[in-house]
Amino acid sequence: MYLCMKFMKYGIIGTGAIGGFYGGKLAKAGLDVHFLLHSDYDYVKKNGLQIDSCDGSFHLDHVNVYQNAADMPVCDVVLVSLKTVNNHLLRDLLPPLIHEQSVVVMIQNGIGVEPDVQAMFPGLQLVAGLAFICSAKTEPGRVNHQCYGSINLADYSCRDEACMRRLLDDFISAGINTHQVEYHEARWKKAVWNMPFNGLTVALNTSTDKLLRNPVTRQLVRDLMMEVIGAARHLGVRNLDASFAEKMLTTTDVMVPYSPSMKLDFDFHRPMEIEYLYSRPIEEARKAGYPMPKLEMLEAELRFLAVNTGGCPSA
C-alpha cells in the first residue's frame, strides 16, 4: 500500500506552456519530476528544458523525459496539462503512472473537467489546478513565461489530506505562489476571465490589450464577465460579484499584450477547447434556468470558425 511520503514523485502529462513551467519549477527545486513529451522529446533529451521567465530564467540540463507513458515510473502526483480536446487519451496515459493513492491535478481550463475524468477513473483522487499565468511554448524545449504564475489548487475528490498538504508545500517550496481554494468557486472564477478573453481574441483576431483599450470591446468584455458571474451565483457559487469582474479587468490592464491559449491554438491550426470553455458552462447555466445569450453567440461564432476557417480571420 502506498502512503503519502515526505518526498513525492511527480509525473507531467502535457509538457507545454503550463506543464513545462510548473514541472520545470518543481524539478529546479530538486523534486523528482518525470515529463511525458511528444514532438520535442528528442530535442529535450539532448538539450534539456529552457524556461524563459519574467521571474528569472533557468535551464534544466538533465530532464527525466519519456515518449511513452508505459515507460514512466509510478508517480504519487500527476499534473495533467493537456488541452482538454485530448482528454480521451487519459484512458491510456494515466494507468501506467498511478497507484491506488495517487493524486491527479487537472491543470486545465473550463467547467466539467473533473466530473468527466472521474467518470473514467471512479476511484481516482482528483484536484483542480487553476493557473493564473501568461505562458507559451512556440518552439521545442523552450517555455516563455511572460507574467504572473500563481496557481490555486482545489480539492475535487482527494481523500488524503496529508498528500494535499504535501502537494501545496512542494509547490510553495518551488517558488510557486500557491493557495488551496474551494472547488466550484475556483472553477467559475477562472471562467470569468477565460470565457470573454479566449473567445473574443479569436473572433476579433486581436489580443487582450487591444480589447481593453477600445471602449466598445471593453464594455463587451465586462458584459460577458457579468454573464459568467450571474450564472455562477445562480448555481450557488459564493464570493463572486461585480467587484471580481473589475479586479480581472484591472489585472489584465497591466498584463503584457497577450494571446490566450485558444487564440494560439486557432492561429496554429489546432483544435479549440470550445466544449469545456463554453458549451459545458452554458449548458449548466441553462439547466439551472440562467441563459447566457452573449456567450451563446460567441460560442456559435467559435464553432463556425472551427469548421469554416483554416487559419486566422483576416484583420
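The values are calculated or read from the model by the stated rules, or taken from the named source; none is laboratory data. Note that this is a predicted model, so its numbers are computed, not measured. Here Cβ is always computed from backbone atoms with ideal geometry, including for glycine, and neighbour counts include all displayed protein chains. The accessibility values were calculated without ligands, DNA or RNA, using every heavy atom of the protein model including side chains. Shrake-Rupley method; radii C 1.70, N 1.55, O 1.52, S 1.80 Å.
The C-beta contact set for region 84-98 (first residue over 12 Å from GLN118 (Cα atoms), second residue open to solvent by 60 Å² or more (accessible area, probe 1.4 Å) and of a type outside the set (A, V, I, L, M, F, W, C), distance under 7 angstrom, 6+ apart or interchain) comprises THR84/GLU275; VAL85/PRO271.
If you go through region 254-313 and pick out every residue that is in a helix (DSSP H, G or I) and within 26 Å of SER135 (Cα to Cα), you end up with 23. Total residues in region 239-268 satisfying the condition of being small (Gly, Ala, Ser), at pLDDT 95 or above and open to solvent by 20 Å² or more (accessible area, probe 1.4 Å): the figure is 2.
The one condition from (1) at pLDDT 95 or above; (2) open to solvent by 20 Å² or more (accessible area, probe 1.4 Å) that HIS62 does not meet is (1).
Do we find that SER279 is hydroxyl-bearing (Ser, Thr, Tyr), on the phi < 0 side of the Ramachandran plot and either free of Cβ contacts under 8 Å to residues at least 60 places away in the same chain or open to solvent by 70 Å² or more (accessible area, probe 1.4 Å) (or both) in this structure? Against the criterion (hydroxyl-bearing (Ser, Thr, Tyr), on the phi < 0 side of the Ramachandran plot and either free of Cβ contacts under 8 Å to residues at least 60 places away in the same chain or open to solvent by 70 Å² or more (accessible area, probe 1.4 Å) (or both)), SER279 qualifies. Kindly establish whether GLN108 is within 17 Å of the chain's Cα centre (by Cα), among the polar types (S, T, N, Q) and either surrounded by 22 or more Cβ atoms within 10 Å (Cβ to Cβ) or over 26 Å from ASP42 (Cα atoms) (or both). Yes: the conditions hold for GLN108.
Give the residues of region 75-94 that are more than 26 Å from TYR278 (Cα to Cα) and either open to solvent by 60 Å² or more (accessible area, probe 1.4 Å) or among the hydroxyl-bearing types (Ser, Thr, Tyr) (or both), sorted by residue number. ASP92, the sole residue that qualifies. Go through region 161-209 and report how many residues are of a type in the set (Val, Ile, Thr) and within 17 Å of ALA131 (Cα to Cα). Total meeting the criteria: 5. Checked against the criterion of being among the charged types (D, E, K, R), surrounded by 13 or more Cβ atoms within 10 Å (Cβ to Cβ) and within 30 Å of PRO115 (Cα to Cα), region 300-311 contains one or more residues that satisfy it.
Considering only region 208-219, I want to know if a residue exists there that is farther than 21 Å from GLN108 by Cα, part of a loop (DSSP other than H, G, I, E, B) and within 23 Å of the chain's Cα centre (by Cα). Checked region 208-219: no residue is farther than 21 Å from GLN108 by Cα, part of a loop (DSSP other than H, G, I, E, B) and within 23 Å of the chain's Cα centre (by Cα). For region 149-170, check the following and say yes or no: at least one residue is without any contact (Cβ under 8 Å) to a residue 12 or more places away in the chain and of a type in the set (Lys, Arg). Scanning region 149-170 turns up at least one residue that is without any contact (Cβ under 8 Å) to a residue 12 or more places away in the chain and of a type in the set (Lys, Arg). Within the option set ALA70, ALA128, being open to solvent by 40 Å² or more (accessible area, probe 1.4 Å) and on the phi < 0 side of the Ramachandran plot holds for one residue only, ALA70.
Considering region 171-182 alone, what residues qualify as being within 19 Å of the chain's Cα centre (by Cα) and farther than 17 Å from GLY20 by Cβ? Selection gives ILE172, ASN177, THR178, HIS179, GLN180, VAL181, GLU182.
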